[in-house]
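None of the figures in this text is laboratory data; all of them are computed from the coordinates on show. Just so it is clear, the structure is predicted and the values come from calculations on it, not from any experiment. Cβ sites come from the backbone with ideal geometry, for glycine too, and all protein chains shown count toward neighbours.
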Amino acid sequence: MQGSICAYCGLDVGLDVDHFRPKGAIDEDPAHGGYWWLAYECSNYFLACTTCNRNRKKASFPILPFTARCTYQTRGTIRAEKRILLDPSEDPIEEWLTLGQGDETGKLIPNADLSTEERSRVQEAIDLFGLNSDQMVRGQRSKAYERAARAAAEQRWDELRLSAMCHRPHSLAARIVLERVAPECLPTAEEEMRDLIDLLWKDLRTLVDEIRSFRARARAPSPVDERQLRELVWALIVLRSDPPAGDPSSADEYLGQLLEREEAEIRTAIAALFRAMQRALAEVSGHHGK
Ligand SMILES: [Zn+2]
């Protein structure tokens, strides 16, 4: 879903797995003890850059004053909790955040037609994550906006469409430009999925090639490469069985087509990994069934 983009600031850098609701003590409410029951809940995970996760958000999870924080006993009503931080997968970020028209400094602002409560939540997110004050974040967003505005002026729609895909860095800037000048060109979920699979596939190929060349020289592949290889295969298996665009048959077919284009040796290596991973996946779901 995210590619390798930080869920909060949009940078494309090394990523941590952030618990959106902290699993331990919460800064604003130490007596609460944290949302420990969500420690292994995937929907509570976001990929985030080290700065956003460890230096900015940390164990912060503010809620509106005079409202109740969700506990293990009331966990069934968690969606009604009056959290302040924006959830990038639940909240309509693109309707809430925008860039000033023609403002090439890349400053994010709350959309004009928001309620007072929504406006203050958006501002809180901007301040907590330093979305306008962090030089690198703001600078990259400003460049992305300039590039998108130029592409729109020169009617380079394919390029603009690609940079507007949600797993591309600072895609919000390109999406805002497209929304204004050619909303019909916004990429569909299906196109985003195909692009993401293409990118993952390219990485997978590079790694398989690298590991092969190590073995050809009778040297052991690095454990980091092998771990990345397994991670990529997992990512592709999950996308295949649960594609974000919602049509498993087309994702399956597409992966099949990609695999067909590979040389026999690479195909065998990837297929063997897929089989091993799928066996592991079946065992995991078997356990869940029990
Ligand atoms: Zn970040």
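Can you give the angle from 0 to 90° between the axis of helix 223-241 and the longest principal axis of the chain, with both taken from C-alpha atoms, to the nearest 10?
It works out to around 80 degrees.
What full-extension length gain, to one decimal in nm, is calculated for residue 37 and residue 123 as 0.36 nm per residue of separation minus the Cα-Cα distance?
Details: separation 86, 0.36 × 86 = 30.96 nm, distance 2.92 nm.
Full extension from residue 37 to residue 123 adds 28.0 nm.
How big is D, in µm² s⁻¹, for the chain by Stokes-Einstein at 20 °C and 1.002 mPa s if Rh is the Kirkwood radius over C-alpha pairs? Mind dumping the intermediate values first?
On the way: Rh = 21.4 Å.
Stokes-Einstein gives a translational diffusion coefficient of 100 µm²/s.
Given Cβ point charges of +1 (Lys, Arg) and -1 (Asp, Glu) and nothing else, what value in debye, to the nearest 20, does the dipole of the stretch 87-162 about its Cα centre take? Walk me through the numbers on the way to the answer.
Working: 10 positive and 17 negative charges, 98 e Å.
Value, rounded to 20: 480 debye.
Number of Lys-Lys pairs in the chain under 30 Å by Cα, sequence gap 8 or more or different chains?
Total qualifying Lys-Lys pairs in the chain comes to 13.
Between the helical axis of 248-260 and the dominant principal axis of the chain, each derived from Cα atoms, what acute angle in degrees is found, rounded to the nearest 10?
50
Taking 7 Å along the Cα-to-C-beta vector as the label spot, tell me the residue 17-residue 214 distance in nanometres, rounded to one decimal.
2.2
Hey, what did the stretch 189-289 get for relative contact order, percent, Cα under 8 Å, at least 6 apart?
On the way: 53 pairs, mean separation 31.5, N = 101.
Relative contact order here is 31 percent.
For labels at residue 181 and residue 73 in the simple 7 Å Cα→Cβ model, what's the distance in nm?
Roughly 5.7 nm, to one decimal.
Gain in length, residue 250 to residue 267, computed as 0.36 nm per residue apart minus the alpha-carbon separation, to one decimal in nm?
Net length gain for the segment: 4.1 nm.
With unit charges on the beta carbons (Lys and Arg positive, Asp and Glu negative) and the dipole taken about the Cα centre of the stretch 29-106, which residue among 65, 39, 99 sits farthest to the positive side?
39
In whole Hz, what ³J(HN,Hα) sequence does the stretch 73-83 give by Karplus (6.51, -1.76, 1.60; θ = phi - 60°), x for Gly and Pro?
Per residue, the Karplus-derived 3J(HN,Hα) values read 5, 9, 4, x, 10, 4, 5, 8, 4, 8, 5 Hz.
Gap in Å between the Cα centre of the stretch 1-47 and the Cα centre of the stretch 55-93?
Spelled out, the Cα-based centre of one part sits 12 Å from the other.
Once you've got the GNM for the chain with C-alpha springs shorter than 10 Å, pick whichever of 227, 21, 156 has the biggest mean-square fluctuation.
Looking only at 227, 21, 156, the largest GNM fluctuation is found for 227.
Provide the packing ranking of 181-188, 10-17, 163-170, 109-116, i.e. peptides ordered by the mean count of other C-beta atoms within 10 Å per residue, highest first.
Details: 181-188: 13.4, 10-17: 16.4, 163-170: 21.0, 109-116: 11.6.
So the peptides 181-188, 10-17, 163-170, 109-116, ranked by packing, come out 163-170, 10-17, 181-188, 109-116.
Sorted from fewest to most neighbouring beta carbons within 10 Å, what does the list 121, 54 look like?
On the way: 121 22, 54 12.
Lowest to highest Cβ neighbour count: 54, 121.
Got a sec? How would 262, 283 order by Cβ neighbour count within 10 Å, fewest to most? Let's see the in-between values first.
On the way: 262 17, 283 10.
Least to most surrounded, the residues fall as 283, 262.
Below 11 angstrom from the Cβ of residue 161, what's the summed charge of the other residues (Lys, Arg +1; Asp, Glu -1)? List each step's numbers first, then the result.
Details: positive: 156, 168, 175; negative: 158, 159, 184, 191, 192, 195.
For residues surrounding residue 161, the net value is -3.
Calculate, for residue 94 and residue 64, the FRET efficiency according to 1/(1 + (r/R0)^6) with r their C-beta to C-beta distance and R0 22 Å; round to the nearest 0.05.
Taking R0 as 22 Å, the efficiency between residue 94 and residue 64 is 0.45.
Quick check on the exposure proxy: order 129, 66, 20, 214 from fewest to most C-beta atoms within 10 angstrom.
Values: 129 25, 66 6, 20 22, 214 14.
Result, fewest neighbours first: 66, 214, 20, 129.
Given the rule -39500 (n - 2.57) for each run of at least 4 DSSP H residues, summed and divided by the residues of the chain, what is its mean residue ellipticity at 222 nm, to the nearest 500 deg cm²/dmol?
Values: 9 runs with 140 residues, N = 290.
The helix contribution divided over the chain gives -16000 deg cm²/dmol.
Taking amide H positions as placed 1.01 Å from N in the peptide plane, with prolines and chain starts having none, which residues 5 or more places from residue 16, or on another chain, fall under 5 Å of its amide H?
The list, which skips near neighbours in sequence, is 48, 49, 50.
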